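Peer 1: Dropping the structure in here first, questions after.
The values are calculated or read from the model by the stated rules, or taken from the named source; none is laboratory data. Worth saying up front: this structure is predicted, and the values here are computed from it rather than measured. Neighbour counts run over all protein chains shown; Cβ positions are idealised from the backbone, glycine included.
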């Protein structure tokens with residue numbers, strides 16, 4: 001695979017080709033034929049073939065294929081981290097319990113029936 005260090009310099013077609021090569025390499029490593037992978041992903045073999053050649057296919061098909069190849073980790077970069085402001089963090093810290101009170105036993109002696 002090419003170096004993705006500056007992916008912004010690649011054309012859309014080149015990026016699709018890189019994705020296609022990634023899928024093909026993963027498939028070959030897992031010793032799956034196009035037919036086997038396509039069947040498991042519930043897509044046609046021709047769709048998978050187009051995807052591996054870097055042709056434009058539906059995004060849902062890409063997700064299906066990556067799921068079968070156990071490669072959904074590539075989408076981790078899309079996950080947005082929620083940023084918490086220092087003020088919100090301080091408010092959350094104030095709401096946390098700082099200590100535990102001791103439970104007191106009932107001091108009344110119970111009458112024994114003896």
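Peer 1: Taking residue 57 and the conditions (1) surrounded by 11 or more Cβ atoms within 10 Å (Cβ to Cβ); (2) in a helix (DSSP H, G or I), which numbered condition does it fall short on, given that it satisfies the others?
Peer 2: The one condition residue 57 does not meet is (2).
Peer 1: I need a count of the residues in segment 22-35 that are under 16 Å from residue 67 (Cβ atoms) and either surrounded by 15 or more Cβ atoms within 10 Å (Cβ to Cβ) or touching a strand residue (DSSP E or B) at 6+ places or on another chain (Cβ under 6 Å) (or both).
Peer 2: Going through segment 22-35 one residue at a time, the tally reaches 5.
Peer 1: Do we find a residue being out of contact with any strand residue (DSSP E or B) (no Cβ under 8 Å at 6 or more places or on another chain) and farther than 25 Å from residue 7 by Cβ anywhere in segment 45-53?
Peer 2: yes
Peer 1: Next question. Quick check on my filter: what residues within segment 3-48 are closer than 18 Å to residue 60 by Cα and in a loop (DSSP other than H, G, I, E, B)?
Peer 2: Result: 42, 43, 44.
Peer 1: Go through segment 60-69 and give me each residue that's within 23 Å of residue 13 (Cβ to Cβ) and crowded, with 17+ Cβ neighbours inside 10 Å.
Peer 2: If the condition is that a residue be within 23 Å of residue 13 (Cβ to Cβ) and crowded, with 17+ Cβ neighbours inside 10 Å, then 61, 62, 64, 65, 66, 69 are the ones that fit.
Peer 1: If you take the residues in segment 70-85 that are part of a helix (DSSP H, G or I) and exposed (fewer than 11 other Cβ atoms within 10 Å of the Cβ), which one is modelled with the highest pLDDT?
Peer 2: 73
Peer 1: Give me the pairs: first residue in segment 25-46 and in contact (Cβ under 8 Å) with a residue 40 or more places away in the chain and on the phi < 0 side of the Ramachandran plot, second residue surrounded by 13 or more Cβ atoms within 10 Å (Cβ to Cβ) and not in a loop (DSSP other than H, G, I, E, B), beta-carbon distance under 8 Å, and six or more apart or on different chains, which are they?
Peer 2: Taking only residues 6 or more apart or on different chains, the pairs are 27/34; 27/37; 27/52.
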